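Take a look at the structure set out below.
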Amino acid sequence: MIGDLRSDDTWIPNPNAGANLQEVDEFKNNAFNTISSSTWSSNYQGIQSANIVIDKIADVPMETSVKARYIGEAKFLRMLMYFNLVRTFGDVPLVLEVINNPSEQKGRCRECLCADCQGLKRSRAVLPEQLASAEIGRATGGQRRR
């Protein structure tokens, strides 16, 4: 939603409807804006979750093909979250491994747009092209081409 606020897709007819919405709409948001801080936090929580899956799945007893699919999905979702963060905030911290302290981040996201591309290309092979109706909403190889 935050990306749409900054486009012609949305319009806030009443400036008093919400200062947080207005700040985002006018590109004036900051760390004190609850919409911005929530977007930042939730995306980095998702990135950390994806990193945990990628890091820890080797120890989980399951079929290799299922592990590969989960890793592919985790990488897809991690890059989607980075895409949304970069689109909203610009250059953001790059975190491609599990960290316990946010100060451990090692790079900036300008690097991330290419940092995981090879992994994403490899993961495409393990993501199905289509899904059964019970799995709709999961990453597929077809989504990766768009």
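The values are calculated or read from the model by the stated rules, or taken from the named source; none is laboratory data. Computed from a prediction, not measured in an experiment: that's the story for all the values here. We place every Cβ from the backbone using ideal geometry, glycine too, and count neighbours over all the protein chains shown.
A few points about this structure:
- Filtered residue count, the stretch 57-90, keeping only those that are loosely packed, with under 13 Cβ neighbours inside 10 Å, of a type outside the set (Val, Ile, Thr) and free of Cβ contacts under 8 Å to residues at least 24 places away in the same chain: 6
- In the stretch 11-27, the residues that are at pLDDT 75 or above form Cβ pairs under 7 Å with partners that are among the hydroxyl-bearing types (Ser, Thr, Tyr), at six or more places apart or across chains, as follows: 20/34; 24/36.
- Single residue of the stretch 36-56 satisfying the filter (more than 19 Å from residue 100 (Cβ to Cβ) and crowded, with 18+ Cβ neighbours inside 10 Å) that is modelled with the lowest pLDDT: 36
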